[in-house]
Amino acid sequence: MSFFRKKREQSTLASLKIPKHLAIIMDGNGRWAQKQMMPRVAGHKRGMNTVKEVTKLASDAGVQVLSLYAFSTENWRRPADEVSFLMKLPVTFFDNFVPDLMANNVRVTTMGDIESLPANTVEAVHKAVEETAANTGMILNFALNYGGQAEIISAAQALAAQVADGTLSPQEIDKSNFEANLATGFLGELAQPDLMIRTSGEERLSNFLTYQSAYSELYFTDVLWPDFGAADFQAALEAYTKRDRRFGGLNPKEK
Ligand code: IPE
Ligand code: IPE
Ligand code: MG
């Protein structure tokens with residue numbers, strides 16, 4: 001890459017507002033494969049390359065948390081052979097991705113019911129989490145067997161149990177202890193995505209971060225996840241930079 005081209009890319013990135021927490025609904029793998037006359041699972045395999053690329057782009061841009069929707073609580077409804085392929089993906093994926101993560105100081109975390117996944121999937125995920133646990137850069141947060149409604153119900157159950165054993169009164173349930181019991185509790189003030197991207201042209205959240213997306217900026221693109229690259233990432237950040245986030249209040253200039 002020429003010096004001038006590099007310079008230009010750096011200056012455009014510098015002029016962009018960078019979301020602290022970026023969440024992505026990685027959709028369109030199956031359609032990508034079908035377009036190339038390949039089986040759906042070929043799209044999932046290809047989508048893993050995009051995960052690697054986008055992780056590097058986000059980390060280099062200064063994103064602090066990148067949450068990726070990898071498998072939803074509803075994805076069990078798919079044919080058994082597709083589900084079984086998706087369950088095997090983390091095993092090979094983390095095997096060759098962890099060195100990259102170490103080089104980029106990225107820490108892996110998860111959301112969702114991991115323990116109900118097949119044993120070797122659980123093992124691969126735990127291993128990646130442990131190996132990267134001391135990294136202090138971007139948090140790469142995988143939603144695996146995750147559903148926003150299930151997450152809210154489980155927070156309600158945890159608080160109800162505290163009420164039942166007398167350690168909490170119903171009046172004491174508030175935003176702070178409710179949020180601490182969500183799967184994003186460990187992220188503290190970074191729990192709510194600033195920007196949520198969905199690829200593949202679908203314009204819905206499909207049970208992703210249902211509670212936390214209350215004030216997220218939403219960005220939809222027709223690009224299919226395996227085709228999503230640096231230019232698409234940049235376009236999403238450009239759109240985000242132009243958004244006017246008010247959180248129910250007014251802009252400083254309007255006050
Ligand atoms: C997203 O791609 C990946 C998962 C949901 C696991 P899809 O598999 O949903 O691809 P489309 O939407 O069928 O094209
Ligand atoms: C959402 O995509 C889940 C993931 C990206 C993991 P889906 O493809 O499952 O969503 P729907 O079925 O189109 O809403
Ligand atoms: Mg889909």
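The values are calculated or read from the model by the stated rules, or taken from the named source; none is laboratory data. Just so you know, these numbers come straight off a predicted model, no measurement behind them. FYI the Cβ positions are ideal-geometry reconstructions off the backbone, even for glycines, and counts take in every protein chain you see. To get the accessible areas, we keep the full protein, side chains included, count just its heavy atoms, and leave off ligands, DNA and RNA. Shrake-Rupley method; radii C 1.70, N 1.55, O 1.52, S 1.80 Å.
Quick notes on this one:
- Qualifying residue in the stretch 185-196 (condition: touching a strand residue (DSSP E or B) at 6+ places or on another chain (Cβ under 8 Å) and within 16 Å of ligand 3 (Cβ to nearest atom)): yes
- Ala160 assigned to a helix (DSSP H, G or I), modelled with pLDDT of 95 or more, of a type outside the set (Asp, Glu) and crowded, with 20+ Cβ neighbours inside 10 Å: no
- All positions within the stretch 94-110 that are crowded, with 21+ Cβ neighbours inside 10 Å and in contact (Cβ under 8 Å) with a residue 40 or more places away in the chain: Leu101, Val106
- Hits in the stretch 34-52 (condition: without any contact (Cβ under 8 Å) to a residue 60 or more places away in the chain, more than 17 Å from Ala230 (Cβ to Cβ) and either open to solvent by less than 30 Å² (accessible area, probe 1.4 Å) or within 12 Å of ligand 2 (Cβ to nearest atom) (or both)): Arg40, Ala42, His44
- Qualifying positions in the stretch 60-92 - buried (at least 20 other Cβ atoms within 10 Å of the Cβ) and more than 16 Å from ligand 3 (Cβ to nearest atom): Val63, Val65, Leu66, Ser67, Pro90
- All conditions but one from (1) within 16 Å of ligand 1 (Cβ to nearest atom); (2) open to solvent by less than 20 Å² (accessible area, probe 1.4 Å); (3) within 30 Å of Asp244 (Cβ to Cβ); (4) not acidic (Asp, Glu) apply to Met26; the one that does not is (2).
- Just one residue in the set Phe247, Phe186 is more than 16 Å from ligand 2 (Cβ to nearest atom), under 22 Å from His21 (Cβ atoms) and out of contact with any Ser or Thr (no Cβ under 8 Å at 6 or more places or on another chain); that residue is Phe247.
- Residues satisfying the stated conditions in the stretch 207-255, i.e. part of a loop (DSSP other than H, G, I, E, B) and either in contact with a Lys or Arg (Cβ under 7 Å, 6 or more places away or on another chain) or under 23 Å from Leu57 (Cβ atoms) (or both): Phe208, Leu209, Ser216, Thr221, Asp222, Val223, Leu224, Phe228, Gly229, Arg243, Arg245
- Hey, Glu172 free of Cβ contacts under 8 Å to residues at least 40 places away in the same chain and crowded, with 17+ Cβ neighbours inside 10 Å or not: no
- Residues satisfying the stated conditions in the stretch 2-23, i.e. in a loop (DSSP other than H, G, I, E, B) and modelled with pLDDT of 95 or more: Leu16, Lys17, Ile18, Pro19, Lys20
- Hits in the stretch 191-234 (condition: away from ligand 1 (no atom under 16 Å from the Cβ), of a type in the set (A, V, I, L, M, F, W, C) and open to solvent by less than 40 Å² (accessible area, probe 1.4 Å)): Ala191, Leu195, Phe233
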